[in-house]
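Beneath this line is the structure, given in structure tokens, with notes to follow.
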Amino acid sequence: MKKLLIVDGHAFAFRAYYAFAASNLKNSKTGQPSGAVFGFFRMLFKLFEDYAPTHVAMTFDPGGPLERGATFAEYKANRKPMPEDLRPQLNEIMETLKVLGFRILKIEKHEADDIIGTLAENYKASAKEILIFSGDKDLYQLLEKKNIKMLRGKKGVTEFVEIDSAWVKEEVGVDVKQIPDYMGIVGDTSDNIPGVKGIGEKGASKLIQEYKNLEGIYKNIEKIKNPGLKNKLIEHKDNAFMSRQLATIKRDLDLGIKEDDLKLPDYASDEGIKYLKNQGYNVLSRDLAKSVGKEPPKDEPEEGPAGSTKGPAAKKGIYKRVESIEELTKLARAWKKSPILSVDTETTSQYAFDAELLGISLCNQEGTGFYIPVSHTQEGLFANKKQLLPLDQVREILGPILSDPNIPKVGQNIKYDLIVLQNHGFEVANIVFDTMIVAYILAPESRRFNMDDLAEDLLNYKTITYAELVGTGKNKKNLWEVDLDKVSEYAAEDADITLRLYNVLRKSLKQSGLESVFKDIDLPLIPVLTQMEKAGISVDAKYFAELSKDFQREVKDLERGIYKAAGKEFNIASTKELQKILFDELQLRVVKKTQTGYSTDHEVLEELLGEHPIIEKLLDYRKYTKLISTYVDTLPSMASPKDGRIHTSYNMTIAATGRLSSTDPNLQNIPIREKEGRLIRKGFISGHKDFEVLSLDYSQIELRIMAHISKDPAMMDAYKKGIDIHKRTAAAIYGVSEDLVSPEMRDKAKVVNFSVIYGVTPYGLSRNLRISRDEAKSFIERYLTQYPGVQKYMDDTIAFCEEKGYVETMKGRRRPVPDITSTHRQAKEGAKRVAINTPIQGTCADMIKIAMIQIQDEIEKRKWKSKLLLQVHDELVFEVYKSEKDEFLKVCKSLMENALPLDVPVKVEGKFGQNWDEAH
């Protein structure tokens, strides 16, 4: 055979499913989800077009138990169940493949990887070329001969990259024959192959380079000087060899086929084209006909989301670099009359506050785009400064256009561009649209909100990606080192595609009924978050240095206490040594078994708490070591060199509920309930002696929203009369009067209150409270008897979700819950919990966003020096000018409490302090 193409069918289908999740494609005949089917065959036909195979093997995993599962029971145990709407599409894919004439290879108990390995082995001598489509690193071991290569999908759905043995050697650092040994160390989280815990890809590569294989490593184990590395290898030796075995591809299966069985069929026959059309895949049918020069079927409605141009590929625009101030001046005259202006920037960093401006892209008409490269203050940054325009002159010409309130502006993640432009002397007025945020509002579960993906999904357009522009790995360049003409094309295209996406998404937004969510909440929030990210917050580096020493001393004390409780010294970080101490020598009960022995993870230690003094010390030891590495030693290093403040980045498109999240650093995860977390917050300080820190926090806001939405009489009565809701709940679940409720009973009732609104099960509550499942079940039943309105809310919400396929907040923000109609029990139960909690949590998120918008408006209207700095869960943190304190507190507290009026009182608590802890 000349060229054999081997396709990992499941990998292909999953890639197609997630690639088209945002498009919400429906079959024109049945109305059922069709993104996976559509994407699968679009990619497959593109593969045939690009690589012209003479033979094709379509491989799939079996549906039942796997042979590797007999070796390691937890193999692939962490994998999530297949999305319910993918399962029928996968069946349809296989049925369509059969109709089009393809032979499907699927063998009981053997994965597609082993079928692929056997095919490569069988035909490596006779085939001129073998191409394997898969993203599985295990398969690198098959690339032993030059005629065998792998294809891996890039960001564009129909774009692929070739991988051969030389690529593996350069990128992974080992020969393809050494891949099983490499995988034995590094493991594979997607397949739950354990490897050697604590050794990453680089460490594994170095070990294999030096010692060739696992046998070589363990033969020379005493030569390894790094004690931590050596201990990890010794501790996880069994896992290493087992993981190598799991990662070794079989090549000797009996496939029961002949070479002729794999010949590329006449998949574009009249029957095949007609079948696709009859099945409701009109676009696929038409494109397949066109690919072989046949007349496409007529009367074909396009597949795609409302307003989408999905179908024929969008054409590339005409992009130009502005080469002179004179040219810029001329263009500016046209831009001043623009009905809409798309804006984008190119910079030196992904961190907006520290980024230096390299250039600005503008577009006011689809199919065009202009890039204005600017000169820079940093000497030696550019290869050719003669091609750049002086920033001060660019600012003089573009400044009035960007700040003109009569010219609407649109961007993709425009918050980033705002910060960069403001830091370089530009103001941007009248922002009317952000394509990333609107795409998120329309499909919050998608997670495909970057411009490259949106262009592929909504425009059928393949953009120039950043990785293509600057390269990857050792060949990666800085943006300013890339040829300026290439940068100009890339940058101008971004502005053009953003404008095209705007024209598609604004129609979808209008048709969706979600326009008010964008215009009233998420759009006006953009400048608020811009201001917050620019302001940052001060950290006390000296304080953190001292705190690190204190925590280190605590760790040493805990070590001594652990040794004393164990009766001997041992390596606390060694799982095997800890297993021996806890279960062999101290004879504690076994909670959970793993392939390597008895588990000592956090969950197990929590279960054993109170059974021996060593357990509490072990938990504290792990807590302090994590706090040191994650926060205490890390936060000071994240302060910007420009102003010494931390500038976190707020993400508006991560949480499907609408909540904000933050990165670099993630301030949402700083522990707040324990004293150690308070000590960390103490390091966040006011940046000037004339200012103080103010924290304002919603009190029990999710429970108050539940009371409002459910209209439960007992819950509403408690809040209206100022009764302690946790004490009232405790009285109900324990069957006592409120005056007999102890602090411990109240604490457990508090957990019940917040757990039920998250749709907790008796099993989950029993774990949270460390009580029996029967008692937990009784607590939930008594809770729902006390608050029958909550049960009605839960029932009504699930029924609404089952009918509509989504749930929504009080302000109308929607979250699709596709698994709500699943026949898979676990998926269905998980969907119910999502449906119950999302309207509560999402409304809470909307409320605090509205408050932030109103507070920032007041700050600007009153010209206050005080600033909003942080948003963390239900809390806002400010830096307040001392002479403004009283009025500022009164106004902000009132705005927060009235941001979203409820039928029960909303309470906000807070105070001033010199640091975040004092103010909380």
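Below is a table of values for the structure above.
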quantity: Test set (1) in contact with a helix residue (DSSP H, G or I) (Cβ under 9 Å, 6 or more places away or on another chain); (2) in the same structural domain as GLY359 (by TED's automatic domain parsing); (3) crowded, with 16+ Cβ neighbours inside 10 Å - PHE518 fails condition number; calculated: (2)
quantity: Enumeration of residues in the range 753-776 that are more than 21 Å from ALA835 (Cβ to Cβ), part of a helix (DSSP H, G or I) and not hydroxyl-bearing (Ser, Thr, Tyr); calculated: ARG767, LEU769, ARG773, ASP774, GLU775, ALA776
quantity: Some residue of the range 489-503 being over 29 Å from THR648 (Cβ atoms), assigned by TED's automatic domain parsing to the domain that holds GLN387 and in contact with a helix residue (DSSP H, G or I) (Cβ under 8 Å, 6 or more places away or on another chain); calculated: yes
quantity: Count of residues meeting criterion [in contact with a Ser or Thr (Cβ under 8 Å, 6 or more places away or on another chain) and crowded, with 20+ Cβ neighbours inside 10 Å] in the range 663-681; calculated: 1
quantity: Residue match in the range 329-344 (condition: under 22 Å from ILE419 (Cβ atoms) and either in contact with a His (Cβ under 9 Å, 6 or more places away or on another chain) or among the charged types (D, E, K, R) (or both)); calculated: yes
quantity: Residue match in the range 162-173 (condition: farther than 30 Å from MET451 by Cα, at pLDDT below 95 and either assigned to a loop (DSSP other than H, G, I, E, B) or of a type in the set (A, V, I, L, M) (or both)); calculated: yes
quantity: Residue match in the range 892-899 (condition: farther than 30 Å from PRO713 by Cβ and either outside the structural domain of PRO839 (by TED's automatic domain parsing) or more than 35 Å from the chain's Cα centre (by Cα) (or both)); calculated: yes
quantity: Test result for GLU858, more than 24 Å from the chain's Cα centre (by Cα) and within 27 Å of PRO671 (Cα to Cα); calculated: no
quantity: Residue within the range 117-126 that is under 19 Å from HIS10 (Cβ atoms), buried (at least 19 other Cβ atoms within 10 Å of the Cβ) and touching a Ser or Thr at 6+ places or on another chain (Cβ under 8 Å) present; calculated: yes
quantity: Selected residue [without any contact (Cβ under 8 Å) to a residue 40 or more places away in the chain, out of contact with any helix residue (DSSP H, G or I) (no Cβ under 6 Å at 6 or more places or on another chain) and at positive phi] from LYS212, LYS146; calculated: LYS212
quantity: Test result for VAL790, touching a helix residue (DSSP H, G or I) at 6+ places or on another chain (Cβ under 8 Å) and assigned to a loop (DSSP other than H, G, I, E, B); calculated: no
quantity: Residues of the range 615-640 that turn out to be closer than 23 Å to ILE562 by Cα and of a type in the set (Phe, Trp, Tyr), as a count; calculated: 2
quantity: Residues located in the range 806-836, provided they are part of a helix (DSSP H, G or I) and of a type in the set (Lys, Arg); calculated: ARG825, LYS828, LYS832, ARG833
quantity: Residue count, the range 747-766 (criterion: charged (D, E, K, R) and buried (at least 16 other Cβ atoms within 10 Å of the Cβ)); calculated: 2
quantity: Total residues in the range 777-792, condition among the charged types (D, E, K, R), under 18 Å from ASN837 (Cα atoms) and crowded, with 16+ Cβ neighbours inside 10 Å; calculated: 0
quantity: Criterion (farther than 26 Å from ILE654 by Cα, assigned by TED's automatic domain parsing to the domain that holds GLN393 and surrounded by 17 or more Cβ atoms within 10 Å (Cβ to Cβ)) met by exactly one of VAL438, VAL470, VAL428, VAL420; calculated: VAL470
quantity: Test: residue in the range 429-446 that is assigned to a helix (DSSP H, G or I) and either basic (Lys, Arg) or over 29 Å from VAL817 (Cα atoms) (or both); calculated: no
quantity: Test: residue in the range 540-554 that is within 28 Å of MET242 (Cβ to Cβ) and either modelled with pLDDT of 95 or more or not assigned by TED's automatic domain parsing to the domain that holds PRO194 (or both); calculated: no
quantity: Selection from the range 175-202 of residues that are crowded, with 20+ Cβ neighbours inside 10 Å, assigned to a loop (DSSP other than H, G, I, E, B) and either of a type in the set (A, V, I, L, M) or modelled with pLDDT of 90 or more (or both); calculated: VAL196, ILE199
quantity: Residue identified as out of contact with any Asp or Glu (no Cβ under 9 Å at 6 or more places or on another chain), of a type outside the set (Asp, Glu), surrounded by 14 or more Cβ atoms within 10 Å (Cβ to Cβ) and part of a helix (DSSP H, G or I) among ILE614, ILE654; calculated: ILE614
quantity: Number of the exception - ALA36 against (1) assigned to a loop (DSSP other than H, G, I, E, B); (2) at pLDDT 85 or above; calculated: (1)
quantity: Qualifying residues in the range 852-886 (those that are among the polar types (S, T, N, Q) and closer than 19 Å to LEU523 by Cβ) - the one surrounded by the most Cβ atoms within 10 Å (Cβ to Cβ); calculated: GLN871
quantity: Residue count for the range 581-598, restricted to those that are crowded, with 16+ Cβ neighbours inside 10 Å, more than 18 Å from LEU558 (Cβ to Cβ) and modelled with pLDDT of 85 or more; calculated: 2
quantity: Boolean, ASP85 is at pLDDT 85 or above and part of a loop (DSSP other than H, G, I, E, B); calculated: no
quantity: Test: LEU900 is part of a loop (DSSP other than H, G, I, E, B) and closer than 26 Å to ALA656 by Cα; calculated: yes
quantity: Qualifying residue in the range 454-465 (condition: in a loop (DSSP other than H, G, I, E, B), touching a Phe, Trp or Tyr at 6+ places or on another chain (Cβ under 6 Å) and surrounded by fewer than 21 Cβ atoms within 10 Å (Cβ to Cβ)); calculated: yes
quantity: Subset of the range 548-606 [assigned to a loop (DSSP other than H, G, I, E, B) and among the basic types (Lys, Arg)]; calculated: LYS568, ARG589, LYS592
quantity: ASN406 vs. criteria farther than 30 Å from THR663 by Cα and either surrounded by fewer than 21 Cβ atoms within 10 Å (Cβ to Cβ) or modelled with pLDDT of 95 or more (or both); calculated: yes
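A quick yes/no check of all residues on (1) surrounded by fewer than 21 Cβ atoms within 10 Å (Cβ to Cβ); (2) assigned by TED's automatic domain parsing to the domain that holds TYR416; (3) hydroxyl-bearing (Ser, Thr, Tyr); (4) assigned to a helix (DSSP H, G or I):
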{"residue": "SER629", "(1), (2), (3), (4)": "yes, no, yes, yes"}
{"residue": "SER637", "(1), (2), (3), (4)": "yes, no, yes, yes"}
{"residue": "SER640", "(1), (2), (3), (4)": "yes, no, yes, no"}
{"residue": "GLY658", "(1), (2), (3), (4)": "no, no, no, no"}
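The values are calculated or read from the model by the stated rules, or taken from the named source; none is laboratory data. What you see is a predicted model; the values in this text were computed from it and never measured. Virtual Cβ from ideal backbone geometry, glycine too; neighbours counted across all protein chains shown.
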